[in-house]
Amino acid sequence: MKHILTFCACSLAAFACTALADPGGPLLTNAGYSCVVPPGIPCPRTTMGLRIYFDEDIDPVTGADETNYTYHPVDDPGAPIPVDEVWSLWGRQALVSLTVLPDTVDYLLTVHGVEDLDGNPMVPQSLVVEPNPDPSTVPDARVPVFMSAAPNPFNPATEVSFVLPAAGKVDLAAYDLSGRRVATIVAGHLEAGRHSRRWNATGLASGSYLLRLRAGGTQTSQKVSLVR
(Lines give C-alpha, C1' and ligand atoms only; values in the text may rest on other atoms or scores of the structure.)
Protein backbone atom coordinates (compact mmCIF):
# COMPACT_ATOMS: atom_id res chain seq x y z
CA MET A 1 0.00 0.00 0.00
CA LYS A 2 1.33 3.48 -0.87
CA HIS A 3 1.22 6.25 1.72
CA ILE A 4 0.73 9.72 0.22
CA LEU A 5 1.65 13.17 1.54
CA THR A 6 0.09 16.30 0.01
CA PHE A 7 1.76 19.67 -0.57
CA CYS A 8 0.80 23.21 -1.66
CA ALA A 9 2.92 26.33 -2.31
CA CYS A 10 4.81 28.69 0.03
CA SER A 11 8.05 30.68 0.20
CA LEU A 12 11.01 28.58 1.29
CA ALA A 13 13.13 31.71 1.45
CA ALA A 14 11.16 32.90 4.45
CA PHE A 15 10.71 29.81 6.62
CA ALA A 16 10.52 26.05 6.78
CA CYS A 17 7.01 24.61 6.70
CA THR A 18 5.97 21.90 9.12
CA ALA A 19 3.33 19.22 8.64
CA LEU A 20 1.67 17.60 11.61
CA ALA A 21 0.37 14.05 11.61
CA ASP A 22 -3.26 13.56 10.66
CA PRO A 23 -4.35 10.07 11.78
CA GLY A 24 -7.35 10.22 9.45
CA GLY A 25 -5.62 11.20 6.23
CA PRO A 26 -2.49 12.36 4.42
CA LEU A 27 0.02 14.85 5.74
CA LEU A 28 -0.47 18.44 4.64
CA THR A 29 2.42 20.87 4.25
CA ASN A 30 3.75 23.55 1.89
CA ALA A 31 6.42 23.35 -0.79
CA GLY A 32 7.86 25.43 -3.63
CA TYR A 33 9.59 28.80 -3.28
CA SER A 34 9.16 32.41 -4.33
CA CYS A 35 11.49 34.29 -6.67
CA VAL A 36 11.94 38.00 -7.49
CA VAL A 37 14.12 38.73 -10.54
CA PRO A 38 14.27 41.45 -13.24
CA PRO A 39 11.91 41.01 -16.21
CA GLY A 40 13.14 38.52 -18.78
CA ILE A 41 15.43 36.68 -16.37
CA PRO A 42 14.22 33.19 -15.38
CA CYS A 43 14.14 32.13 -11.75
CA PRO A 44 16.98 29.76 -10.90
CA ARG A 45 16.55 26.22 -9.78
CA THR A 46 17.00 25.67 -6.06
CA THR A 47 17.52 22.69 -3.81
CA MET A 48 14.64 21.74 -1.52
CA GLY A 49 14.63 19.23 1.29
CA LEU A 50 11.75 17.19 2.66
CA ARG A 51 12.63 15.92 6.14
CA ILE A 52 10.22 13.07 6.89
CA TYR A 53 9.62 11.80 10.42
CA PHE A 54 8.38 8.28 11.19
CA ASP A 55 7.00 7.01 14.50
CA GLU A 56 9.80 4.46 14.98
CA ASP A 57 13.25 3.64 13.64
CA ILE A 58 13.36 2.93 9.93
CA ASP A 59 15.50 0.40 8.11
CA PRO A 60 18.37 2.54 6.76
CA VAL A 61 18.65 0.61 3.49
CA THR A 62 15.01 1.10 2.45
CA GLY A 63 14.96 4.56 4.04
CA ALA A 64 17.84 5.74 1.82
CA ASP A 65 16.51 4.21 -1.41
CA GLU A 66 15.61 7.03 -3.85
CA THR A 67 13.13 4.77 -5.68
CA ASN A 68 10.92 4.68 -2.56
CA TYR A 69 10.03 8.40 -2.93
CA THR A 70 8.09 9.96 -5.82
CA TYR A 71 7.33 13.71 -6.01
CA HIS A 72 4.99 14.96 -8.73
CA PRO A 73 2.29 17.60 -9.46
CA VAL A 74 -1.04 16.51 -8.08
CA ASP A 75 -2.66 16.75 -11.51
CA ASP A 76 0.23 15.21 -13.48
CA PRO A 77 1.58 11.95 -12.01
CA GLY A 78 3.47 11.36 -15.24
CA ALA A 79 5.79 14.33 -14.65
CA PRO A 80 7.71 13.58 -11.44
CA ILE A 81 10.57 15.77 -10.21
CA PRO A 82 13.63 13.52 -9.89
CA VAL A 83 14.84 12.85 -6.36
CA ASP A 84 18.48 13.93 -6.12
CA GLU A 85 19.40 12.06 -2.98
CA VAL A 86 17.92 10.55 0.18
CA TRP A 87 19.58 10.20 3.57
CA SER A 88 18.28 7.88 6.28
CA LEU A 89 19.02 9.85 9.46
CA TRP A 90 19.04 9.38 13.21
CA GLY A 91 16.74 6.40 13.38
CA ARG A 92 13.33 7.89 12.60
CA GLN A 93 14.06 10.42 9.87
CA ALA A 94 14.60 10.48 6.12
CA LEU A 95 15.78 13.60 4.28
CA VAL A 96 14.79 13.83 0.59
CA SER A 97 16.65 16.33 -1.62
CA LEU A 98 15.13 17.68 -4.86
CA THR A 99 16.01 20.42 -7.36
CA VAL A 100 12.94 22.56 -8.08
CA LEU A 101 11.74 25.68 -9.88
CA PRO A 102 9.25 28.13 -8.30
CA ASP A 103 5.76 26.74 -8.61
CA THR A 104 2.30 27.27 -7.15
CA VAL A 105 0.71 23.92 -7.98
CA ASP A 106 0.01 21.23 -5.41
CA TYR A 107 2.42 18.32 -5.25
CA LEU A 108 2.24 14.79 -3.92
CA LEU A 109 5.11 12.92 -2.31
CA THR A 110 4.43 9.20 -2.42
CA VAL A 111 6.39 7.12 0.08
CA HIS A 112 6.42 3.40 -0.55
CA GLY A 113 8.75 0.57 0.39
CA VAL A 114 10.24 2.17 3.52
CA GLU A 115 10.33 -0.42 6.30
CA ASP A 116 11.05 -0.55 10.01
CA LEU A 117 13.89 -2.66 11.43
CA ASP A 118 11.62 -5.74 11.40
CA GLY A 119 10.65 -5.36 7.74
CA ASN A 120 7.18 -3.86 8.31
CA PRO A 121 5.96 -1.00 6.05
CA MET A 122 6.30 2.45 7.60
CA VAL A 123 3.81 5.34 7.51
CA PRO A 124 5.24 8.91 7.61
CA GLN A 125 4.02 10.88 10.62
CA SER A 126 5.17 14.44 9.90
CA LEU A 127 7.36 16.42 7.54
CA VAL A 128 9.40 19.63 7.43
CA VAL A 129 10.27 21.46 4.20
CA GLU A 130 13.82 22.83 4.32
CA PRO A 131 15.70 25.13 1.95
CA ASN A 132 19.24 23.91 1.23
CA PRO A 133 18.89 20.52 2.97
CA ASP A 134 21.88 19.50 5.05
CA PRO A 135 21.98 15.97 6.50
CA SER A 136 24.50 17.07 9.15
CA THR A 137 22.05 19.50 10.77
CA VAL A 138 20.15 18.38 13.81
CA PRO A 139 16.66 19.94 14.07
CA ASP A 140 15.84 17.94 17.19
CA ALA A 141 18.08 18.49 20.23
CA ARG A 142 17.54 14.86 21.28
CA VAL A 143 19.42 13.59 18.22
CA PRO A 144 22.72 12.22 19.51
CA VAL A 145 24.90 11.75 16.42
CA PHE A 146 25.40 12.84 12.85
CA MET A 147 27.61 11.55 10.08
CA SER A 148 29.00 12.78 6.78
CA ALA A 149 31.46 11.41 4.25
CA ALA A 150 33.73 13.37 1.91
CA PRO A 151 34.50 13.06 -0.88
CA ASN A 152 31.33 11.40 -2.12
CA PRO A 153 31.49 9.88 -4.74
CA PHE A 154 34.99 8.62 -3.89
CA ASN A 155 37.81 6.43 -5.19
CA PRO A 156 39.13 4.53 -3.33
CA ALA A 157 38.84 6.25 0.08
CA THR A 158 36.57 8.70 1.89
CA GLU A 159 36.76 10.49 5.25
CA VAL A 160 33.82 9.67 7.54
CA SER A 161 33.08 12.33 10.18
CA PHE A 162 30.68 12.13 13.11
CA VAL A 163 29.88 13.72 16.47
CA LEU A 164 29.20 11.92 19.74
CA PRO A 165 27.48 13.94 22.49
CA ALA A 166 28.49 11.31 25.04
CA ALA A 167 31.20 8.70 25.41
CA GLY A 168 30.22 5.14 24.66
CA LYS A 169 30.42 2.10 22.43
CA VAL A 170 30.48 2.89 18.71
CA ASP A 171 29.99 0.65 15.71
CA LEU A 172 30.67 2.21 12.30
CA ALA A 173 30.47 -0.14 9.33
CA ALA A 174 29.89 -0.21 5.57
CA TYR A 175 27.18 -2.32 3.97
CA ASP A 176 26.27 -3.11 0.39
CA LEU A 177 22.67 -2.46 -0.65
CA SER A 178 21.72 -6.08 -0.03
CA GLY A 179 22.49 -5.46 3.67
CA ARG A 180 25.79 -7.41 3.73
CA ARG A 181 28.46 -5.92 6.00
CA VAL A 182 31.53 -5.33 3.83
CA ALA A 183 33.80 -3.39 6.20
CA THR A 184 34.12 -2.46 9.88
CA ILE A 185 35.48 1.06 10.24
CA VAL A 186 35.12 1.59 14.01
CA ALA A 187 34.27 -0.96 16.69
CA GLY A 188 34.92 0.09 20.28
CA HIS A 189 34.64 2.83 22.89
CA LEU A 190 35.07 6.49 21.90
CA GLU A 191 34.98 9.71 23.91
CA ALA A 192 32.42 12.46 23.32
CA GLY A 193 33.20 14.98 20.59
CA ARG A 194 34.09 15.09 16.92
CA HIS A 195 35.70 12.10 15.26
CA SER A 196 36.75 11.12 11.77
CA ARG A 197 37.92 7.85 10.25
CA ARG A 198 39.23 7.12 6.78
CA TRP A 199 37.56 4.24 4.93
CA ASN A 200 39.57 2.70 2.12
CA ALA A 201 37.32 0.60 -0.13
CA THR A 202 40.13 -0.97 -2.17
CA GLY A 203 39.01 -4.40 -3.33
CA LEU A 204 35.29 -3.53 -3.46
CA ALA A 205 33.33 -3.14 -6.69
CA SER A 206 32.04 0.20 -7.94
CA GLY A 207 28.55 1.03 -6.73
CA SER A 208 26.54 2.40 -3.79
CA TYR A 209 27.24 1.49 -0.19
CA LEU A 210 25.60 2.39 3.09
CA LEU A 211 27.63 3.71 6.02
CA ARG A 212 25.85 2.92 9.29
CA LEU A 213 26.88 4.42 12.62
CA ARG A 214 25.44 3.01 15.86
CA ALA A 215 26.04 4.91 19.10
CA GLY A 216 24.15 5.76 22.26
CA GLY A 217 21.25 3.44 21.43
CA THR A 218 20.59 5.17 18.09
CA GLN A 219 21.84 4.85 14.55
CA THR A 220 22.42 7.08 11.53
CA SER A 221 23.24 6.17 7.95
CA GLN A 222 24.48 7.72 4.74
CA LYS A 223 24.70 6.35 1.23
CA VAL A 224 28.06 6.74 -0.54
CA SER A 225 29.17 5.87 -4.05
CA LEU A 226 32.43 4.18 -5.01
CA VAL A 227 33.33 5.16 -8.59
CA ARG A 228 36.38 3.54 -10.15
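The values are calculated or read from the model by the stated rules, or taken from the named source; none is laboratory data. Computed from a prediction, not measured in an experiment: that's the story for all the values here. When we count neighbours, we look across all protein chains shown, and the Cβ atoms used for this are built from the backbone with ideal geometry, even at glycine.
Let me confirm something: among Leu127, Leu164, which residue is surrounded by 17 or more Cβ atoms within 10 Å (Cβ to Cβ) and at pLDDT below 75? Even if it seems obvious, please write down each step before you answer.
On the way: Leu164 fails: at pLDDT below 75.
The conditions single out Leu127.
Determine if region 94-110 includes at least one residue that is at pLDDT below 75, in a loop (DSSP other than H, G, I, E, B), surrounded by 19 or more Cβ atoms within 10 Å (Cβ to Cβ) and within 21 Å of the chain's Cα centre (by Cα).
no
Tell me which of these Ala64 doesn't satisfy, since it passes every other one: (1) of a type in the set (Gly, Ala, Ser); (2) surrounded by fewer than 20 Cβ atoms within 10 Å (Cβ to Cβ); (3) modelled with pLDDT of 80 or more; (4) not assigned by TED's automatic domain parsing to the domain that holds Arg197.
(2)
Name, by its number, the condition in (1) of a type in the set (A, V, I, L, M, F, W, C); (2) more than 20 Å from the chain's Cα centre (by Cα); (3) modelled with pLDDT of 90 or more; (4) surrounded by 13 or more Cβ atoms within 10 Å (Cβ to Cβ) that does not hold for Ala205.
(4)
State all residues of region 49-78 that are more than 12 Å from the chain's Cα centre (by Cα), outside any helix (DSSP H, G or I) and not charged (D, E, K, R); if no residue qualifies, say none. Spell out the reasoning first.
Keep residues of region 49-78 that are more than 12 Å from the chain's Cα centre (by Cα), which gives 54-57, 59, 67, 70-78.
Now drop any that are not outside any helix (DSSP H, G or I), which leaves 54-57, 59, 70-78.
Matches in region 49-78: Phe54, Thr70, Tyr71, His72, Pro73, Val74, Pro77, Gly78.
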